2 protein chains.
Amino acid sequence: MNETLRVIAERYSCRAYEGGLPEREKIEAIAKAAVQSPSGMNRQPWQIVIITDKGFIDEMDAEGMRILSGMEDRSTYERFMGRGGKLFYNAPCMFLILKQPGTDLDCGIVSENISLAAASLGLGHVICGMAGVPLSGDTGKSFRQRIGFPEGWEFGTSVLVGFAKGVGAPHAPDMAKIRYLEKV
Amino acid sequence: MNETLRVIAERYSCRAYEGGLPEREKIEAIAKAAVQSPSGMNRQPWQIVIITDKGFIDEMDAEGMRILSGMEDRSTYERFMGRGGKLFYNAPCMFLILKQPGTDLDCGIVSENISLAAASLGLGHVICGMAGVPLSGDTGKSFRQRIGFPEGWEFGTSVLVGFAKGVGAPHAPDMAKIRYLEKV
């Protein structure tokens, strides 16, 4: 198994972080991997906003948890309370992906490049769609302004990055999801 | 730069293939990388159908080109004619990703794992949404039946894989798409 296949095989979604910000050099390497992603017609319909202000991340976290706690279905809120009560798991850095409408597939590609780049550098990471919670609707307007969402751009997804607290393991891959259509 | 970052940096979308099918061992390694992808809530809303029947790929290719040639806007048709007249660039293998509705982001993640796994093994590859053309609508029904689309599953995207004809180069990354939100 080559190194890239090993990184893919051993990658896991990290849901507990500790310590400060990873080295700037690593953050920049991950950012570069993000913009090296392929996209339909090479339109690159993304913007990458790297939030390293932990106070700002914590503000979004608190607002997101407040929104979840007020929802009729509290299962998501309870799930995060069971994981330590933090929507962003105490991560010191968020790679926020802004997208143009209708480009979720491209956004997924970018999020995986960020994830694998982080994994290759030994950093914990997790693709986190929950960042959309505090950024949505009227209450999210001031966050969107502070982040600087350009007109017509939307929240795509985010990837949290930092030093993993503890060690995680990947899911067992479901090989039953693979089949072959061969010449018979 | 580590090996994974190098694969990400040097990866390019291959639009010309030659020769036969890559070794089965490599196809299987790529398939495994596909199902090792992360997904929202670990739902893994995908199925991977690996089409290695070149005759079947050529049938879909011809039908796709027929559909494109009949469209009012012939720019897509002309683009493929300018690239050799083949929708699938003579690729011997198609990783077809079926998805559940509304899971484009997960589908993008899988397509990138397939792409990077192929790149790490020295194989040409390109994410190819055009495979949706012959699979769509009434005319696509027989293809969908032969492939075995389960009820409720849709075309996500595809990744073509094979031996590259010639050598390609990656796009220059657009570093202007990156910005930082730092504590000031």
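Gap in Å between the Cα centre of segment A:28-80 and the Cα centre of segment B:83-161?
28 Å
Ratio of alpha-carbon Rg to the 2.2 N^0.38 Å globular estimate for segment B:57-138, to two decimals, please. Could the numbers behind the result be given before it?
Working: Rg = 13.9 Å, N = 82, 2.2 N^0.38 = 11.7 Å.
The value comes to 1.18.
Would you look at the GNM of chain B, springs on alpha carbons closer than 10 Å, and say which of B:GLY70, B:GLY108, B:GLY84 moves the most?
Its mean-square fluctuation being the largest, the pick is B:GLY70.
Per residue, how much accessible surface does the protein assembly as shown expose to a 1.4 Å probe? Answer in Å², no decimals. Spell out each step's value before the answer.
Numbers: 16060 Å² over 368 residues.
Heavy-atom accessible area per residue stands at 44 Å².
Determine which chain A residue has its Cβ at minimum distance from the rotation axis mapping A onto B, giving the value in whole Å.
Output: A:GLY108, 1.
Suppose R0 equals 41 Å; then what is the FRET efficiency for B:VAL184 and B:SER75 from their Cβ-Cβ distance, rounded to the nearest 0.05?
Efficiency at R0 = 41 Å is approximately 0.30.
Quick check: with the 1.4 Å probe, what order do A:HIS171, B:HIS125 take by accessible area, largest first?
Result of the area sort, largest leading: A:HIS171, B:HIS125.
Just the number, please: Stokes-Einstein D of segment A:14-58 in µm²/s, Kirkwood Rh from C-alpha pairs, 25 °C, 0.890 mPa s.
Translational diffusion coefficient: 192 µm²/s.
If you roll a 1.4 angstrom probe over the protein chains with everything in place, what fraction of the accessible area of chain A belongs to carbon and sulfur, to the nearest %?
C and S atoms contribute 50 percent here.
Relative to a virtual label point 7 Å from the Cα of B:ARG83 in the Cα→beta-carbon direction, which members of segment B:105-147 show backbone nitrogen distances below 11 Å?
Once the point is set 7 Å along Cα→Cβ of B:ARG83, B:126-131 turn out to lie under 11 Å by backbone N, inside segment B:105-147.
Please state, as a whole number in µm²/s, the translational diffusion coefficient that the Stokes-Einstein equation yields for segment B:70-184 at 25 °C and 0.890 mPa s, with Rh defined as the Kirkwood radius across alpha carbon pairs. Working shown, then result.
Numbers: Rh = 16.6 Å.
Calculated translational D: 148 µm²/s.
Using only C-alpha atoms and all pairs of different ones, pull out the Kirkwood radius for segment A:1-149 in Å with one decimal.
Final number for the Kirkwood radius of segment A:1-149 is 16.4 Å.
Could you grab the relative contact order for chain A? Cα pairs under 8 Å, six or more apart, rounded to a whole percent.
On the way: 277 pairs, mean separation 64.4, N = 184.
Result for chain A is 35 percent.
Under 19 Å from the 7 Å Cα→Cβ point of A:GLU25, by amide nitrogen: which residues of segment A:120-158?
A:120-124
How many nm is it between the label spots at A:ASN2 and B:LYS165, if each spot is 7 Å from the Cα in line with the beta carbon?
About 2.3 nm, to one decimal.
Output, in nm with one decimal and in ascending order, the distances from the A:ALA62 label point to the matching label points of the other copies (7 Å from Cα along Cα-to-Cβ).
Inter-copy label distances (nm, one decimal, shortest first): 6.7.
Which value in deg cm²/dmol, rounded to the nearest 500, describes the helix-derived mean residue ellipticity at 222 nm for chain A, given -39,500 (n - 2.57) per DSSP H run of n ≥ 4 and division by the residue count?
Working: 7 runs with 72 residues, N = 184.
Per the formula, -11500 deg cm²/dmol.
Enter the mean number of other protein chain beta carbons within 10 Å of the beta carbon of each residue in B:111-117, as an integer.
6
On the full set of protein chains, 1.4 Å probe, figure out the accessible area of B:THR76 and give it in Å² to the nearest 10.
30 Å²
I need the per residue convex hull volume for the protein assembly as shown, using only the alpha carbons, in cubic angstrom as a whole number.
Residue-normalised Cα hull volume stands at 151 Å³.
Let's test this: bin the Cα-Cα distances of segment A:85-131 at 5 Å from zero up to the farthest pair and state each bin's percent.
Final binned percentages: 5, 18, 29, 24, 15, 7, 1.
Which GluC sites (Glu not before Pro) in segment B:136-184 sit in a loop by DSSP (not H, G, I, E or B) and have at most 12 other Cβ atoms within 10 Å of their own Cβ?
Answer by residue number: B:GLU151, B:GLU182.
What's the whole-number percent of alpha carbon pairs in segment A:1-88 lying beyond 18 angstrom?
66 percent
Across the residues of A:31-44, average count of Cβ atoms on other protein chains within 10 Å?
Mean partner shielding for this stretch: 6.
Residues of segment A:143-184 with backbone nitrogen within less than 16 Å of a virtual label 7 Å along the Cα-to-Cβ line of A:ALA9, please, listed as ranges.
A:169-175
Where is the GNM fluctuation largest for chain A (alpha-carbon springs, 10 angstrom cutoff): A:ASP174, A:ASP53, A:ASP106?
Greatest mean-square fluctuation among the candidates belongs to A:ASP174.
The values are calculated or read from the model by the stated rules, or taken from the named source; none is laboratory data. All values reported here derive from a predicted model rather than from experimental measurement. Heads up, the Cβs are rebuilt from the backbone with ideal geometry, glycines too, and the neighbour counts pull from every protein chain shown. What goes into the accessible areas is simple: the full protein's heavy atoms, side chains included, and nothing from ligands, DNA or RNA. Shrake-Rupley method; radii C 1.70, N 1.55, O 1.52, S 1.80 Å.
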